[in-house]
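The values are calculated or read from the model by the stated rules, or taken from the named source; none is laboratory data. Note that this is a predicted model, so its numbers are computed, not measured. Every residue, glycine as well, gets a Cβ built from its backbone with ideal geometry; the counts of neighbours run over all protein chains shown.
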Amino acid sequence: MNNNVLKVRGGVLCVILSVAVGGVFAQEGDATKGKELYFGHGCYGCHGYNGETGARDLVGTDSPIIANVDRFLVYLRLRTEYAPLVPSTRMPAYPESALNDGDARDIFAYINTFELNAPAVEDIPAFQAILESAGRQLKE
């Protein structure tokens, strides 16, 4: 079975389970504790310090995985089936033994404090200068 089939099946299963267990996980988390856990578990390594500066953005993506805490928790747990703990560039698996539901809710609460602050591309003078320079070099 190829990776695309597994991804689709995992995504469908995530949605089904999040609907089926709706409310089971739902509890407010503590964003202050979540911040400590976010940094302690190294989430910033891929998602950046504010959810928009890393290799995998969290804010401004409209990802259904971070739409609500139920989906977030189901996603973290299901990954233990599809992404075993081997070297990879993918997000690590987080079984409950590695990250309990309360701590995951706290991380989710912290993630929900993130705001999209990136300026529009046209509002970044240095970037515009790079683009113009690159354009001139391509024409030469």
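Observations, loosely collected:
- Residue check, Asp101 under 21 Å from Lys33 (Cβ atoms), modelled with pLDDT of 85 or more, more than 16 Å from the chain's Cα centre (by Cα) and not aliphatic (A, V, I, L, M): yes
- With respect to the conditions (1) among the polar types (S, T, N, Q); (2) assigned to a helix (DSSP H, G or I); (3) modelled with pLDDT under 85, Gln128 falls short on a single one, namely (3).
Rundown of residues vs (1) among the aromatic types (Phe, Trp, Tyr); (2) at pLDDT 80 or above; (3) out of contact with any Leu (no Cβ under 8 Å at 6 or more places or on another chain); (4) surrounded by 18 or more Cβ atoms within 10 Å (Cβ to Cβ), yes/no style:
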residue: Gly45; (1), (2), (3), (4): no, yes, yes, no
residue: Tyr75; (1), (2), (3), (4): yes, yes, yes, yes
residue: Thr80; (1), (2), (3), (4): no, no, yes, no
residue: Pro84; (1), (2), (3), (4): no, no, yes, no
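- Given (1) modelled with pLDDT of 75 or more; (2) surrounded by 10 or more Cβ atoms within 10 Å (Cβ to Cβ), index of the condition Ser88 fails: (1)
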